[in-house]
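The values are calculated or read from the model by the stated rules, or taken from the named source; none is laboratory data. Predicted model only: the values in this text are computed from it and were never measured. Using ideal geometry, Cβ is built from the backbone for each residue, glycine included, and neighbour counts are taken over all protein chains shown. Protein only, heavy atoms only, side chains kept; ligands, DNA and RNA dropped before computing areas. Shrake-Rupley method; radii C 1.70, N 1.55, O 1.52, S 1.80 Å.
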Amino acid sequence: MELTKQDLYRPGMEGIPACYSSIGFIDGKQGILQYRGFSIEELCQNSTFEEVAYILIYGELPSSDQLADFSAELVKAREIPEPLTRIITQLPKEGHPMTVLQSMTAALALYSEGTSFSDSKEQAQAMIDIIAKVPSMIALFDRYRKGLDEVKPDSNLGHAENFLYMLSGDRPSPTATRIMDVCFILHAEHTLNASTFSARVTTSTQNDPFTAISAAVGTLYGPLHGGANEKVLHMLESIGSKEKVRGFVENKIESKEKIMGIGHRVYKTKDPRASILQNLAEKLFDEVDSSQLLDTAHELEKIALEKFSAKGLYPNVDFYSGIVYNALGISTDIFTPIFAAARTAGWVAHWKEQTDNNRLYRPTQIYEGSPARSYVSIDKR
Ligand code: ACO
């Protein structure tokens with residue numbers, strides 16, 4: 001029997017493959033996440049964001065020379081083109097940093113040396129530019145809107161440490177640096193989520209990586225995707241204390257509202273990234289005294305498990321990331337841009353994979369509008 005469009009249709013394309021990919025792997029039932037075959041736990045334990053970006057793009061562990069060259073290229077590419085610095089420092093200060101980032105990643109194309117992006121050197125430079133410049137643009141906008149002077153990148157610092165330095169103007173502690181690095185690793189890739197799919201669709205029209213990544217940033221911004229980390233922190237702050245959690249959850253269930261940071265399209269167990277972040281948050285709170293939020297989060301996780309685990313709803317990565325960034329002193333609306341900064345590595349790897357083996361995305365639809373009818377001139381309506 002031939003399958004109809006109705007047989008094939010799945011709302012939100014749930015479970016429908018849209019490409020072959022060798023970049024990331026998820027087993028949502030067992031809570032497994034791997035980049036190019038390497039488990040997220042092993043990468044967080046042993047690697048750095050720079051190395052993870054290399055692995056995602058090129059598929060293999062780099063030799064020490066390859067890693068040193070790649071890291072040096074990233075350091076060299078951190079400066080934002082001067083005209084973009086001027087634009088960023090004239091944008092409305094109250095604008096959301098994700099809107100700034102979406103516009104500025106697209107604008108990077110105007111200052112890129114490449115034109116065709118079919119040459120492997122041009123491709124490599126464009127990918128480096130995106131990964132290196134996105135954190136600089138986030139830090140510049142954050143400082144400008146707070147009335148602070150720009151902090152230029154420091155070539156002696158690694159990717160995560162330099163980002164924290166450019167945000168605050170102070171050298172971060174080794175713990176803060178390591179935590180930021182792990183957060184970058186954890187968010188670097190996650191198969192065909194909405195933003196990566198968006199990047200691949202844009203790439204499939206033979207687009208440059210800046211345009212593809214700009215589309216992905218826009219898609220990530222929504223509260224059902226990257227925007228959830230910001231919402232989780234607001235939610236925990238509004239709950240106020242551990243004692244108020246049960247009432248909060250019961251109200252949400254009654255009003256059929258979703259609880260931010262809970263649930264995932266793919267994971268039907270606890271998101272492995274949430275477990276890693278939870279451990280980090282606990283370590284961080286041994287150093288920083290601000291454990292009220294963590295206590296509220298623990299209680300919320302406990303009650304959410306009690307109420308929702310039968311439905312396959314567990315904490316996702318965003319449940320703990322906001323608490324960690326908050327403890328690092330980062331402004332709440334910078335949380336999603338940090339997610340984007342990390343995900344640039346995965347997005348450019350998908351841009352390259354799609355470019356190397358492209359076919360234009362052009363799905364179909366099930367038409368349910370009016371049958372054919374005649375136009376009526378305006379005086380007869
Ligand atoms: N709180 C309460 N109930 C929920 C939640 C939640 N957070 N998430 C899903 N449900 C319920 C739904 O109400 C629905 O129940 P029903 O079958 O009784 O109607 C069922 O679980 C299925 O929900 P869907 O929204 O259809 O699941 P979907 O796979 O489309 O959504 C999503 C996944 C968007 C992540 C959803 O769980 C959600 O909105 N979570 C909150 C936002 C969030 O944390 N987003 C971050 C995702 S991770 C990331 O992007 C990095």
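A few notes on this one:
- Per residue, the accessible area of region 207-340 comes to 42 Å², computed with a 1.4 Å probe over protein heavy atoms only.
- When the chain is treated as a GNM with alpha-carbon contacts under 10 Å, the residue of 14, 50, 41 showing the greatest mean-square fluctuation is 14.
- Mean accessible surface per residue for region 14-71, computed with a 1.4 Å probe while every protein chain stays in place, in Å²: 55 Å²
- Surrounding net charge for residue 245, when Lys and Arg each add one and Asp and Glu each subtract one, Cβ distance under 12 Å: 0
- Electrostatic dipole magnitude of region 19-149 [Cβ: Lys, Arg +1; Asp, Glu -1; Cα centre; debye, to 20]: 600 debye
- Heavy-atom accessible surface of region 1-147: percent carbon and sulfur, 1.4 Å: 52 percent
- Cα-based shape type of the chain, given that a ≥ b ≥ c are square roots of the gyration tensor eigenvalues and the cut on a/c is 1.5: rounded
- Per residue, the average separation of C-alpha pairs within less than 8 Å and at least 6 apart gives region 134-230 a relative contact order of 17 percent.
- Helix runs (DSSP H) in the chain reaching 30 Å along axis by Cα, Kyte-Doolittle at least -1.0: 120-145, 335-356
- Candidates 236, 33, 360, ranked by Gaussian network fluctuation over the chain, Cα under 10 Å, top entry: 360
- Nearest-20 debye value, region 290-334 charge dipole, Cβ charges on Lys, Arg, Asp, Glu: 160 debye
- Among 262, 88, 253: highest mean-square fluctuation, GNM of the chain, C-alpha pairs under 10 Å: 253
- Links that overshoot a 28 Å alpha carbon limit, given the list 231/256; 146/258; 146/302; 283/311: 146/258; 146/302; 283/311
- Around the Cα centre of the chain, unit charges on the Cβ atoms of Lys, Arg, Asp and Glu (plus for the first two, minus for the last two) sum to a dipole of about 1480 debye.
- Whether region 61-199 is rounded, prolate or oblate, judged on the alpha carbon gyration tensor where a/c under 1.5 counts as rounded: rounded
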